[in-house]
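For reference, the structure discussed in these notes is given below.
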Amino acid sequence: MSTTPNSDLLLQEPRIEQPLYTPIKRRSFFMYAGATAGATALVLAGCSKSDSSVGMVNVGSGDAGVLNYAYALEQLEAAFYTQLRNGNYYTGLSSTSAERQILDDLYYHEVIHRDFFKTAITAAGATPIKALTPNFANVDFNSRTSVLNTAKAFEDLGVAAYNGAGQYITSSTYLYIAGKIVSVEARHAAIIRDLTSDNSFVGNDIMTITSASNSGVATNNSPANSSLERSLSPSEVVATANNFLADGSKLDVSGLR
């Protein structure tokens, strides 16, 4: 997902970028994020109706719907990393271990992303969806394998979700911000994949890796090797995400087209 930022956004970039990457700047992030959202002259269509379908949470349509969709996924990831920190796998890690520090960083990032989207939606005059209730009954938070495999699934899903949702965003400001967030999510995915299996940070299961010619020599129209990171439509994403949400919190993304 990418966009060419305008001059105003380029001026905003130094204020937005650092907090996205640095958990200790969380308080500053909310200050800047609120200012950015509040200063954006947008009228977002399609405010969500969280009770429009029995047992489902409708994220809405238009830019507001996409932001609520992202907010829902960030809620799920933040809830996962929050619960992870109470399990025996995490608590058994040394406080100075690289693995624990990685999990701490991912926790802070996801909480920041979750709260940022809620603030941005509200500041833009739309209605955030309700707080969702996760269902992690099939995750063993005492098991490293269970935790990391679930984290891998969430992070890969999140990257594919942002990649697939970019086409539905009409505001260049929010497309720009989403592009920055997906770059962070991609780094999450890479480090989690490496924790599960060394040097597995990229592969044909998440990218379509192709070769322009059998010899590997570049042609006039294409490089010798090219790859495209896979994207998923909102309906494909929630088919997986809903497995981790309790009844009454499952997502309806039918308005995102």
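Scan the range 89-116 residue by residue and report those that are surrounded by fewer than 19 Cβ atoms within 10 Å (Cβ to Cβ) and either among the aromatic types (Phe, Trp, Tyr) or in contact with a Gly (Cβ under 6 Å, 6 or more places away or on another chain) (or both).
Tyr108
Residues Asp140, Asp115: which one is among the charged types (D, E, K, R) and part of a helix (DSSP H, G or I)? Explain how you work it out, then say what you get.
Working: Asp140 fails: part of a helix (DSSP H, G or I).
Being among the charged types (D, E, K, R) and part of a helix (DSSP H, G or I) holds for just one of Asp140, Asp115, which is Asp115.
Being buried (at least 23 other Cβ atoms within 10 Å of the Cβ), over 10 Å from the mean Cα position of the chain (by Cα) and of a type outside the set (Val, Ile, Thr) is the filter here; which residues of the range 158-173 pass it?
Selection gives Ala165 alone.
Would you check which residues across the range 129-157 are surrounded by 21 or more Cβ atoms within 10 Å (Cβ to Cβ) and either within 18 Å of Glu99 (Cα to Cα) or modelled with pLDDT of 95 or more (or both) and list them?
Result: Ile129, Leu132, Val147, Ala151, Phe154, Glu155.
Looking at the range 63-88, which of its residues are in a helix (DSSP H, G or I) and surrounded by fewer than 20 Cβ atoms within 10 Å (Cβ to Cβ)?
Thr82, Gln83, Asn88
Please go through the range 228-242 and give me each residue that is under 20 Å from Val139 (Cβ atoms) and in contact (Cβ under 8 Å) with a residue 40 or more places away in the chain, ordered by number.
Passing the criteria: Val237, Thr240, Ala241.
Please go through the range 76-96 and pick out each residue that is closer than 30 Å to Ser254 by Cα, of a type outside the set (A, V, I, L, M) and out of contact with any Pro (no Cβ under 8 Å at 6 or more places or on another chain).
Glu77, Tyr81, Thr82
Of the numbered conditions (1) under 17 Å from His113 (Cα atoms); (2) modelled with pLDDT under 95, Ser52 fails exactly one; give the number of that condition.
Among (1) under 17 Å from His113 (Cα atoms); (2) modelled with pLDDT under 95, Ser52 violates only (1).
Can you spot a residue in the range 88-111 that is within 26 Å of Ser231 (Cα to Cα) and of a type in the set (Gly, Ala, Ser)?
So the first thing to find is which residues in the range 88-111 are within 26 Å of Ser231 (Cα to Cα), and the list is 102-103, 105-111.
Now narrow it down to the ones that are of a type in the set (Gly, Ala, Ser): none.
Looking through the range 88-111, none of the residues is within 26 Å of Ser231 (Cα to Cα) and of a type in the set (Gly, Ala, Ser).
Residue check: is Val147 part of a helix (DSSP H, G or I) and β-branched (Val, Ile, Thr)?
Against the criterion (part of a helix (DSSP H, G or I) and β-branched (Val, Ile, Thr)), Val147 qualifies.
The values are calculated or read from the model by the stated rules, or taken from the named source; none is laboratory data. This structure is a prediction, so every number in the text was calculated from the model and none was measured. Using ideal geometry, Cβ is built from the backbone for each residue, glycine included, and neighbour counts are taken over all protein chains shown.
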